[in-house]
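Working notes, structure below.
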């Protein structure tokens, strides 16, 4: 994790969010769309953190390029410790968990896939869904010794990606994976990269992989390498409802 000023960290393309509408189902960009969630009134800002997970919602780029979102539920992540890690797949074994505590249990990992007008597709957001309760506000997911900061400020907390793939994993599962990799030095290749190839699309990949003692969810990161932030959506009682990693395709932070 590191701090970057001005959000220049992942500006591969400049996309301004002008709309988030629902398009007819006949325009479905993927036959394997598995999420049937219905739209609901969004209270918290930025709206895109939730609307990108609405079936067939759209965003319009500053160049007039329409982006259509569809979603894929890739399976349930085991959260046994309540401490989660979001990181690059090459570095995750050494990464500490976020300081915030999350619910324990098995929770869906949902990808929001952005399809551009040229039919290019990318993973725009990855989400762990703890509950469907209404979100009142979003905060950064923090590591020690990071301090709370407005997500709309110039402060940016995110993890670096050099392999084009990020993941979610519980701290207890991470300890288990270290034991696996201690026995098998090729564990990352065996349990992540080869499994990604099995769930490969033209421009993105994903896997939810089990191993002895836990599991992990891995996915390609937008247009590839960069620095990407994770955010927690809280309900009115201060309970975490979502953990979302943003791969920088929509510059919702842009000030006109």
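Please treat every number below as a calculation from the coordinates, not as lab data. Just so it is clear, the structure is predicted and the values come from calculations on it, not from any experiment. With ideal geometry, Cβ positions are generated from the backbone for all residues, glycine too; neighbour counts draw on all protein chains shown.
Based on the Cα coordinates of the stretch 39-185, what is the per residue volume of their convex hull in Å³?
Working: hull volume 21.8 nm³, N = 147.
Output value, Cα hull per residue: 148 Å³.
What list of whole percents do you get for P(r) of the stretch 122-186, with Cα-Cα distances grouped in 10 Å bins up to the one holding the largest distance?
Spelled out bin by bin, the stretch 122-186 gives 13, 33, 39, 13, 2 percent.
When you count, for each residue, the other Cβ atoms within 10 Å and take the mean per peptide, how do 109-117, 92-100 rank with the highest first? Provide the component values of the computation, followed by the final result.
Details: 109-117: 21.4, 92-100: 16.9.
Per-residue Cβ counts within 10 Å, averaged per peptide and sorted highest first, yield 109-117, 92-100.
Let me know the whole percent of all Cα-Cα pairs from the stretch 197-241 that are separated by more than 12 Å. Write out the running numbers ahead of the final one.
Numbers: 727 of 990 pairs.
Above the 12 Å cut-off, the stretch 197-241 has 73 percent of its Cα pairs.
From the Cα trace of the stretch 134-256, what convex hull volume per residue do you get, rounded to a whole Å³?
On the way: hull volume 18.4 nm³, N = 123.
It comes to 150 Å³ per residue, whole-number rounded.
Can you tell me the order of 151-157, 190-196 when each peptide is scored by its average per-residue count of other Cβ atoms within 10 angstrom, highest first?
On the way: 151-157: 16.1, 190-196: 18.1.
The peptides rank, most packed first, as 190-196, 151-157.
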